[in-house]
Amino acid sequence: MKHLPLLLLALLARAAAVDEEQPTCQSALGVSCAAALNATLAAVRPSCAAALEDYAENYESTANQLARYASADFLTFIALYVEFALDPAKNIETLAFEMQGHVDDLGDPAACGTIAGFRYFVVTAGGGHPMLGACLPAACSAGDVRAALAAVPLVGTLTAWSVLDDDFTFGLDGAGVAVIVVACLLVLLALTATAADVLAAAPAPGDGYAALNGGDAPARATPAWLACFSLRRTWGEWLAGRGGPLACLDGVRCLSMLYVVYGHSILWPTQAPGYTNMYEAVVPHDGEGYMATVRGQVLNAAEFSVDTFFWLSGFLGAFVASRVAARATTRGWIPKAYLQRYLRLTPSYAFIVLLWWKVLRVYGSGPVWAQQRGEYRDCARTFWTNMLYVNNLVPFHGTEDACYGVAWYLPNDMQFFLLLPGFVALKRASAAAAYAVLGALALASVAYAWWAAYAFDLSFATFDGGDYFPDYYVRPWTRIPPYLVGVATAFYYADAANDKAREPPSTRAAYGSLAAGLAVAAALVFGSYPFYQDVPSGPAKWKNHVYLALAKPAWACALSLLALPCFFGRGAFVGGILSLPVFAPLAKLTFAAYLIHPAVLDVLYKSSTDARVVFTEVGWYVTFLGVSAIVLLCSLVVHLFVEQPLVNLEKHVLRGEPRPPRPAPAPEARAGADVV
């Protein structure tokens, strides 16, 4: 043959015209090009080998040249990769180039799809990078390419290669069918209950005489259990405002949820296939990159959004539990509270995770979507830990591989709730003792976090590496301080609100509290600036450790300083904004939104193979707003058909709460009856 492939002509469709006597293959692989070609052809099926040989013989044909154009530059990459593997010290620039994210090259999958007789593949080295696109003869399968890679001298032993084609899809298994059936049943129940409510609200045929004589038509009440699913009821419950002195918490909840989406909308594209300009545009280096800017610190501080939810959970849990305990005559309210909490969260939680895992999997296709396999395998192995709310602890040394990564928050929240009745009981016995225990636990957590940061060399800076996530981020003993601050704030406010003799805080004190809260929050958000100027972060490690240990508790204290004036009606512009009526219904969607938004981001960035994303601030903001809108709509659907109906059913079964009374017929309905 006049033209023989350099390493990956037969392997990955990125060939170069080179004569047999040229030493390129010999220098890179230790064997001649002919030997490399023979090794690859011997490893694949005969049909694929014939197609590859034809490809080599007709190297200059238009289709073959277009296929090479639609593929990654494998020759350059493999040459650099092999040289680096043989002598890393002399090829440090290759490592830097890879770490900057420039080695991933998906080629042009859309262009490959238009070339007759070719199909698109993605080849991924062990560890997930690099990802390289290849346009190869359609007679070859992913198994052929994988076998060919393993057969090439040296290359096959450098790393484990993953190869997937553009036809890859996940199937729908029995569990997926079951989830769809459950979803259909919930929709059917909602429609049936709504129709029953509508019929019950209208005068029955034949009741015109009673209406004309001033009587009411006989009521046809919907069964109480079925009424729990009625859209008339769930829609009304969603729109109902809550008002009261705690209305500002609705705004806090909504803005915190948006902050979560804000941070994750830039995080998700960093996963496969990743930003093309990750290093230049995002990662801090020599004071450059978005995360090194002053405005970039707002992104870096997005972690505080979760601490806000912990604070909210502690405050509202303690506030409600204190009232329940005050009315209870025995301690039987405690196990009942645990059961209600579990039933309140788990059905919707399980439904959303199963919908993502078992149903949404069929939406996407191709090599990038196939990388979801790892997450699905994690769920197959550890989903039970999610349902028991221990997925932040089990497996203890593998929390990074837990099912549905963002769900790490829920076990922490549930574990904190297990402690709450004890705090409430202690507060009823001795307020001083309760505050002392809360303070001691918070200080112990801070002390441990400080020690762990030093002992395990932890850093909160995103790109410093280390075990920040498993050793600090997901552990209850390091994340509990904001919850404890929320509990203490609830105790203080309840005492102040119930003490009629106590005067509300003065305007000066309220404004001072607001100013202090805003100042602390701003200092925490922008205080990370020195740590995000380079990788690794520049300031002394002890400063990093201090910030890591104190920032989250300080954030919770700032929230209390901001919230308390709002509770007493002295919140000024802060309370006015956070108490806007629009936040009341939106706040009821935040639980579903937190669980749904990762699935929306998966569909956006992983469901099809396409060019890698180029980071621009404008593009990111548009993505954030678009994703937020989609998450809002999806959350509303889940809230109306799943979350709120099941909450209503739980109240009906466990608490014996009757359905809301049927509203009286509107004047227009009575007038219509008169006409009849």
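For (1) in contact with a strand residue (DSSP E or B) (Cβ under 8 Å, 6 or more places away or on another chain); (2) closer than 19 Å to residue 543 by Cβ; (3) modelled with pLDDT under 95, each residue gets a yes or a no:
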| residue | (1), (2), (3) |
| --- | --- |
| 430 | no, no, no |
| 434 | no, no, no |
| 442 | no, no, no |
| 461 | no, yes, yes |
| 467 | no, no, yes |
| 477 | no, no, no |
| 485 | no, no, no |
query: Among the residues of the stretch 637-648, is there at least one that is closer than 29 Å to residue 358 by Cβ, modelled with pLDDT under 90, under 22 Å from the mean Cα position of the chain (by Cα) and surrounded by fewer than 20 Cβ atoms within 10 Å (Cβ to Cβ)?
result: no
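Could you tell me whether residue 303 is open to solvent by 30 Å² or more (accessible area, probe 1.4 Å), among the acidic types (Asp, Glu) and touching a helix residue (DSSP H, G or I) at 6+ places or on another chain (Cβ under 8 Å)?
The answer is yes for residue 303.
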- prompt: Looking at residue 572, is it touching a Phe, Trp or Tyr at 6+ places or on another chain (Cβ under 7 Å) and open to solvent by 40 Å² or more (accessible area, probe 1.4 Å)?
  reply: yes
field: Condition met for residue 399 (of a type in the set (Val, Ile, Thr) and within 16 Å of the chain's Cα centre (by Cα))
entry: yes
message: I need a count of the residues in the stretch 390-421 that are surrounded by fewer than 20 Cβ atoms within 10 Å (Cβ to Cβ), part of a helix (DSSP H, G or I) and β-branched (Val, Ile, Thr).
response: 1
- prompt: Can you spot a residue in the stretch 457-476 that is outside any helix (DSSP H, G or I), basic (Lys, Arg) and over 23 Å from residue 306 (Cα atoms)?
  reply: no
message: Going by what's in this entry, would residue 384 be described as modelled with pLDDT of 95 or more, surrounded by fewer than 15 Cβ atoms within 10 Å (Cβ to Cβ) and either at negative phi or hydroxyl-bearing (Ser, Thr, Tyr) (or both)?
response: yes
task: Considering only residues that are under 27 Å from residue 635 (Cα atoms) and among the β-branched types (Val, Ile, Thr), look in the stretch 257-276 and name the one that is surrounded by the fewest Cβ atoms within 10 Å (Cβ to Cβ).
output: 270
message: Restricting to the stretch 106-132, count the residues that are within 23 Å of residue 61 (Cβ to Cβ) and either open to solvent by 10 Å² or more (accessible area, probe 1.4 Å) or not hydrophobic (A, V, I, L, M, F, W, C) (or both).
response: 13
task: Quick one: in the stretch 343-376, of everything that is in contact with a helix residue (DSSP H, G or I) (Cβ under 9 Å, 6 or more places away or on another chain), small (Gly, Ala, Ser) and farther than 20 Å from residue 400 by Cα, which residue is modelled with the lowest pLDDT?
output: 366
- request: Report yes if some residue within the stretch 161-168 is open to solvent by less than 10 Å² (accessible area, probe 1.4 Å) and either modelled with pLDDT of 90 or more or not in a strand (DSSP E or B) (or both); otherwise report no.
  value: no
message: Can you find, within the stretch 524-541, the residue that is farthest from residue 574 (Cα to Cα) among those that are part of a helix (DSSP H, G or I) and touching a residue at least 24 places away in the same chain (Cβ under 8 Å)?
response: 541
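Is it fair to say residue 316 is in a helix (DSSP H, G or I), within 29 Å of residue 641 (Cα to Cα) and out of contact with any helix residue (DSSP H, G or I) (no Cβ under 6 Å at 6 or more places or on another chain)? Talk me through it step by step, then tell me what you get.
Working: in a helix (DSSP H, G or I): yes; within 29 Å of residue 641 (Cα to Cα): yes; out of contact with any helix residue (DSSP H, G or I) (no Cβ under 6 Å at 6 or more places or on another chain): yes.
It is true that residue 316 is in a helix (DSSP H, G or I), within 29 Å of residue 641 (Cα to Cα) and out of contact with any helix residue (DSSP H, G or I) (no Cβ under 6 Å at 6 or more places or on another chain).
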- line: Scanning the stretch 424-436 for residues that are more than 18 Å from residue 311 (Cβ to Cβ) and aliphatic (A, V, I, L, M) gives 425, 426, 429, 431, 432, 433, 436
message: Being open to solvent by 20 Å² or more (accessible area, probe 1.4 Å) and in contact (Cβ under 8 Å) with a residue 24 or more places away in the chain is the requirement here; does residue 279 meet it?
response: yes
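Do we find that residue 239 is open to solvent by 10 Å² or more (accessible area, probe 1.4 Å), without any contact (Cβ under 8 Å) to a residue 40 or more places away in the chain and either over 27 Å from residue 539 (Cα atoms) or hydrophobic (A, V, I, L, M, F, W, C) (or both) in this structure?
no
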message: Please count how many residues of the stretch 255-286 are within 22 Å of residue 551 (Cβ to Cβ) and not hydrophobic (A, V, I, L, M, F, W, C).
response: 6
statement: All-but-one check, residue 520 against (1) open to solvent by 30 Å² or more (accessible area, probe 1.4 Å); (2) of a type in the set (Val, Ile, Thr); (3) within 28 Å of residue 390 (Cβ to Cβ), failing number (3)
Hey, residue 585 surrounded by fewer than 20 Cβ atoms within 10 Å (Cβ to Cβ) and either among the small types (Gly, Ala, Ser) or in contact (Cβ under 8 Å) with a residue 40 or more places away in the chain (or both) or not: yes
message: Quick check on my filter: what residues within the stretch 142-160 are within 37 Å of the chain's Cα centre (by Cα), over 20 Å from residue 68 (Cβ atoms) and modelled with pLDDT of 75 or more?
response: 143, 146, 147, 150
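I'm checking my understanding of the structure. Among residues of the stretch 510-564 that are polar (S, T, N, Q) and more than 18 Å from residue 259 (Cα to Cα), which one is farthest from the chain's Cα centre (by Cα)?
513
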message: Return the residues of the stretch 317-357 that are open to solvent by less than 60 Å² (accessible area, probe 1.4 Å), aliphatic (A, V, I, L, M) and touching a residue at least 60 places away in the same chain (Cβ under 8 Å); say none if nothing qualifies.
response: 318, 321, 325, 334, 337, 345, 352, 353, 354
- request: Could you grab me the full set of residues in the stretch 182-230 that are in contact with a Ser or Thr (Cβ under 8 Å, 6 or more places away or on another chain) and either in a helix (DSSP H, G or I) or modelled with pLDDT of 95 or more (or both)?
  value: 190, 193, 194, 196, 197, 200, 226, 229, 230
- line: Within the stretch 47-78, of all residues that are surrounded by fewer than 18 Cβ atoms within 10 Å (Cβ to Cβ) and more than 20 Å from residue 109 (Cα to Cα), the one modelled with the highest pLDDT is 47
task: Could you figure out which of (1) surrounded by fewer than 15 Cβ atoms within 10 Å (Cβ to Cβ); (2) within 17 Å of the chain's Cα centre (by Cα) isn't true of residue 377?
output: (2)
query: Hey, any hits in the stretch 497-506 for a residue that's surrounded by 14 or more Cβ atoms within 10 Å (Cβ to Cβ), in contact with a helix residue (DSSP H, G or I) (Cβ under 7 Å, 6 or more places away or on another chain) and either modelled with pLDDT of 95 or more or within 28 Å of residue 566 (Cα to Cα) (or both)?
result: yes
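The values are calculated or read from the model by the stated rules, or taken from the named source; none is laboratory data. Everything numeric in this text was worked out from a predicted model, so none of it was measured. Heads up, the Cβs are rebuilt from the backbone with ideal geometry, glycines too, and the neighbour counts pull from every protein chain shown. These area figures cover heavy atoms from the full protein model, side chains too; ligands, DNA and RNA do not enter into them. Shrake-Rupley method; radii C 1.70, N 1.55, O 1.52, S 1.80 Å.
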